[in-house]
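Okay, structure first, notes after.
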Amino acid sequence: GCAVRYGMRTPLTVVSILAAGVLLGAGQAADPTESLHALFQEWFDWQLFQYPEMAMARGDYTHADQVTDHSLRAIERRHRQTQAFLERLRGIDTEGLDRDDLLDYELFDLQLTNAVEGHRFRMFLAPLGGRYGLHQQIPQMGERVRFAGDDDYVNYLKRLGQVPKLVHDTIDLLRTGLQEGRTPPRVTLLGLTGQFQAILDGGLDALVEPCTHMPASINEARRQELRRRFDEEVFPVVWSAVSELEEYVVNRYIPGCRETIAAADLPDGEAYYAHQLRVMTTTDLTPTGIHELGLQEVERIKAEMMQVIRSSDFMQRYLTSDEGGDDKLFQAFLSYLRSDPRFYHQTEEDLLVGYRDICKRVDAHLPALFRTLPRLPYGVRKIPAFMAPSQTTAYYRHGDIRNAEPGYFYANTHALDQRPKYEMIPLALHEAVPGHHLQIAIAQELEGLPEFRKDAYVTAFGEGWALYAERLGLEMGLYDDPYDDFGRLLYEMWRACRLVVDTGMHALGWSRDRAIQFMVDNTALSRLNIENEIDRYISWPGQACAYKIGELKIRELRKAAEEGLGKRFDVREFHDVVLWLRRPPSTALKAACFGLLASVGFARARCDGSF
């Protein structure tokens, strides 16, 4: 065989091998550990070659003049190559691996298996929706990339010049998806018309930003030439391509999409939804089992909510009578939260400043709860205006210190009367620190791990950790105000409701309206947020179930450690164990056990469970 480093461009050798879908190693070493780590490195190099945007995000600009090939041919080729990686992995003798390498092996096997098994459902034929897709990626192509010299601008213009092909490949996928009946529900796409209008009416202007602040190393004449090429040659082509995508999506694709909402209604839909639940929760729980767990959690959390309501000033200042029982009191309290101006900011900037203030307050508490903190900083930004109306409340976008890019917590500033203050503390804890930013940045900075481990994202662990992080606000003293504490419980209730409505809609015959009403009745979320959330669950089956299931497992592990260790329990050490996913130098918490439980998904652990 021949060794292929996919991060290098030797066109004849690399392209011919990739085109054939054949992956050759340098003759597998007899030692299983060497074979395993050689395979990890080859996978990493292959990914850098296949996904130039991923490579640039990690600071590798070897293929910065290219974009990922999203054609159906490329998708099928990558699938065959992934199958070959999995076959080679399973050819390695695991008996010769130590405990850490065995964990790496199992995680790699899980990642490849999920990708290979999921391919048969062909949901890559639905690459565009209200919250994701090429139309949202194009306006942001000038972000998170380096602009340090002339080559960076030349490559940027080349990448933009490939937008027409990206559009044509996307349309081909959408057209094939229509033919096969693999589409998102039409109701989740209704906001696309407004998104496209906003993009074409100014949303693409963000692409010019890098050309307005060029480095001093580029002389004035060259700056003018690069700007001329952008204005006259590149931008019109990009705008025209996006306009072509709009015409197809709005006039042909959306009208042809299915009216049903359940994943079970897709071709082989029941198997697809079962696969999604396994991938997202990393368990074998059935839809009915998850649904019942959700109902139990809703009942438990509501009892805690009633205690908080009765400790608030609402009882004395606003409620004339406590007659009618808990249901009447709960609904009266929700109505108050949704309508009183005291709970809402008046300007976008006030909302963002509020989040930044919370994040800074949280930073000061971190050393008391964590021994290991990331070097990578983070910031707070508003969600771009063109996507904000159909986006959820917030999201996190990771950075990378190798690419000089911080992480960002993106907050939705659209419709301020739908963004209550009492939600802000748990949301900041979830998206920034000690939630997504802290967990993902630490993973990126861990030494001694194969590269795939630093980027792997197991939803039950990542989202379970972020929900667990919201609860850490109790230990930071952030929920002393009853309304803030109700916001914490509201967010926990929100995730419990997800277990009910996701399984309800995708497997148990619930309508969209029934799911919306269940959320209205049990949370204080605004109507707009609820509708956006429900459409998210419809378009992303199973993902919403990962949060609560992951959080419950982490809390279970912590309780077991606290009870087993007693006074020897150290919360900072516990957090290191869960976030390191590798045994620290010294620990009383059986780190290998915790790491395997947390990262493989709590269902495939091989440990004795003792502490």
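The values are calculated or read from the model by the stated rules, or taken from the named source; none is laboratory data. What you are looking at is a predicted structure, and each value in this text was computed from that prediction instead of being measured. Virtual Cβ from ideal backbone geometry, glycine too; neighbours counted across all protein chains shown. Surface areas here come from the heavy atoms of the whole protein model, side chains and all, with no ligands, DNA or RNA. Shrake-Rupley method; radii C 1.70, N 1.55, O 1.52, S 1.80 Å.
Taken as a whole, the condition of being surrounded by 18 or more Cβ atoms within 10 Å (Cβ to Cβ) and hydroxyl-bearing (Ser, Thr, Tyr) applies to Ser35.
A quick yes/no check of all residues on (1) open to solvent by less than 20 Å² (accessible area, probe 1.4 Å); (2) touching a helix residue (DSSP H, G or I) at 6+ places or on another chain (Cβ under 9 Å):
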position	(1), (2)
Tyr318	no, yes
Leu334	yes, yes
Leu352	yes, no
Ala364	no, no
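Is it true that Thr281 is open to solvent by 30 Å² or more (accessible area, probe 1.4 Å) and either modelled with pLDDT of 95 or more or within 30 Å of Gly462 (Cα to Cα) (or both)? Talk me through it step by step, then tell me what you get.
Working: open to solvent by 30 Å² or more (accessible area, probe 1.4 Å): no; either modelled with pLDDT of 95 or more or within 30 Å of Gly462 (Cα to Cα) (or both): yes.
No; evaluated as a whole, the condition is false for this residue.
Of the residues that make up the range 208-231, is at least one open to solvent by 20 Å² or more (accessible area, probe 1.4 Å), in a helix (DSSP H, G or I), in contact (Cβ under 8 Å) with a residue 12 or more places away in the chain and under 26 Å from Asp172 (Cα atoms)? The answer is no, given that none of the residues of the range 208-231 is open to solvent by 20 Å² or more (accessible area, probe 1.4 Å), in a helix (DSSP H, G or I), in contact (Cβ under 8 Å) with a residue 12 or more places away in the chain and under 26 Å from Asp172 (Cα atoms).
Suppose we filter Ser311, Ser243 for residues that are touching a residue at least 60 places away in the same chain (Cβ under 8 Å), open to solvent by 20 Å² or more (accessible area, probe 1.4 Å) and among the polar types (S, T, N, Q); which single one remains? Quick ask: steps written out before the conclusion?
Numbers: Ser243 fails: touching a residue at least 60 places away in the same chain (Cβ under 8 Å).
Unique residue meeting the criteria: Ser311.
Within the range 423-465, the set of residues being farther than 25 Å from His345 by Cα, assigned to a helix (DSSP H, G or I) and small (Gly, Ala, Ser) comprises Ala441, Ala443, Ala460, Gly462, Gly464. When Ile301, Ile261, Ile309 are checked against the criterion of being outside any helix (DSSP H, G or I) and either in contact with a Pro (Cβ under 9 Å, 6 or more places away or on another chain) or not acidic (Asp, Glu) (or both), Ile261 stands alone in meeting it.
For the range 23-31, does any single residue satisfy the condition of being at pLDDT below 95 and of a type in the set (Asp, Glu)? Spell out how you get there, then give the answer.
Keep residues of the range 23-31 that are at pLDDT below 95, which gives 23-31.
Of the ones still in play, those that are also of a type in the set (Asp, Glu) are 31.
Yes, there is a match, as at least one residue in the range 23-31 is at pLDDT below 95 and of a type in the set (Asp, Glu).
Taking the range 542-611 as the region of interest, the helices (runs of 4 or more DSSP H) fully inside it that hold 1 or more residues being at pLDDT 95 or above, under 30 Å from Met123 (Cα atoms) and touching a Ser or Thr at 6+ places or on another chain (Cβ under 8 Å) are 546-565.
Taking each residue of the range 359-375 that is touching a residue at least 12 places away in the same chain (Cβ under 8 Å) and looking for partners that are β-branched (Val, Ile, Thr) and open to solvent by 80 Å² or more (accessible area, probe 1.4 Å) with beta-carbon atoms closer than 8 Å, six or more apart or interchain, yields nothing.
Within the range 374-403, can you find the residues that are in a loop (DSSP other than H, G, I, E, B) and in contact with an Asp or Glu (Cβ under 9 Å, 6 or more places away or on another chain)? Answer for the range 374-403, where residues must be in a loop (DSSP other than H, G, I, E, B) and in contact with an Asp or Glu (Cβ under 9 Å, 6 or more places away or on another chain): Pro374, Arg375, Leu376, Phe386, Thr392, Thr393, His398, Gly399. Figure legend. Inter-residue proximity from the range 161-186: first residues under 15 Å from Leu128 (Cβ atoms), second residues of a type in the set (S, T, N, Q) and open to solvent by less than 10 Å² (accessible area, probe 1.4 Å), beta-carbon distance below 7 Å, spacing 6+ or different chains. Indicated pairs: Gly177/Thr183.
Residue pairs whose Cβ atoms lie under 7 Å apart, separated by 6 or more positions or on different chains, with the first residue in the range 56-69 and within 18 Å of Asp150 (Cβ to Cβ) and in contact (Cβ under 8 Å) with a residue 60 or more places away in the chain and the second of a type in the set (Gly, Ala, Ser) and open to solvent by less than 30 Å² (accessible area, probe 1.4 Å), are Met56/Ala64. Does Tyr61 satisfy the condition of being at pLDDT below 95, buried (at least 16 other Cβ atoms within 10 Å of the Cβ) and assigned to a loop (DSSP other than H, G, I, E, B)? No: the conditions fail for Tyr61.
Scan the range 261-278 residue by residue and report those that are open to solvent by less than 20 Å² (accessible area, probe 1.4 Å) and aromatic (Phe, Trp, Tyr).
The one that is open to solvent by less than 20 Å² (accessible area, probe 1.4 Å) and aromatic (Phe, Trp, Tyr): Tyr273.
If you go through the range 377-389 and keep only what is open to solvent by less than 10 Å² (accessible area, probe 1.4 Å) and in contact (Cβ under 8 Å) with a residue 40 or more places away in the chain, you end up with just Met387.
Inspect the range 38-54 for any residue being modelled with pLDDT of 95 or more, under 26 Å from His398 (Cα atoms), among the aliphatic types (A, V, I, L, M) and assigned to a loop (DSSP other than H, G, I, E, B) and give the result as yes or no. No, there is no match, as no residue in the range 38-54 is modelled with pLDDT of 95 or more, under 26 Å from His398 (Cα atoms), among the aliphatic types (A, V, I, L, M) and assigned to a loop (DSSP other than H, G, I, E, B). On the stretch given as the range 399-433, residues that are closer than 24 Å to Arg572 by Cα and out of contact with any His (no Cβ under 8 Å at 6 or more places or on another chain) total 7.
Quick grid of which residues meet (1) under 24 Å from Gln517 (Cα atoms); (2) not in a helix (DSSP H, G or I):
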| site | (1), (2) |
| --- | --- |
| Leu329 | yes, no |
| Leu337 | yes, no |
| Asp357 | no, no |
| Thr372 | no, yes |
| Phe409 | no, yes |
| His414 | yes, yes |
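Scanning the range 293-308 for residues that are under 18 Å from Met519 (Cβ atoms) and either touching a Gly at 6+ places or on another chain (Cβ under 6 Å) or open to solvent by 70 Å² or more (accessible area, probe 1.4 Å) (or both) returns Gln296, Glu299, Arg300. Residues that are farther than 18 Å from Ala264 by Cβ and either touching a residue at least 60 places away in the same chain (Cβ under 8 Å) or in contact with a strand residue (DSSP E or B) (Cβ under 7 Å, 6 or more places away or on another chain) (or both) within the range 496-517 comprise Ala496, Cys497, listed in sequence order.
Scan the range 488-541 for residues that are open to solvent by less than 20 Å² (accessible area, probe 1.4 Å) and of a type in the set (Phe, Trp, Tyr) and the total you get is 3. Scanning the range 390-424 for residues that are open to solvent by 10 Å² or more (accessible area, probe 1.4 Å) and touching a Gly at 6+ places or on another chain (Cβ under 6 Å), we see that the one that is nearest to Leu525 (Cα to Cα) is Ser390.
When the range 96-121 is filtered for residues that are of a type in the set (A, V, I, L, M) and either within 19 Å of Gln47 (Cα to Cα) or touching a Cys at 6+ places or on another chain (Cβ under 7 Å) (or both), the ones remaining, listed by number, are Leu107, Leu110, Leu112, Ala115, Val116. Does Thr288 satisfy being open to solvent by less than 50 Å² (accessible area, probe 1.4 Å), at negative phi, modelled with pLDDT of 95 or more and within 28 Å of the chain's Cα centre (by Cα)? The answer is no for Thr288. If the condition is being touching a Cys at 6+ places or on another chain (Cβ under 8 Å) and either farther than 22 Å from Phe333 by Cβ or not aliphatic (A, V, I, L, M) (or both), then the range 518-553 contributes Phe518, Asn522, Thr523.
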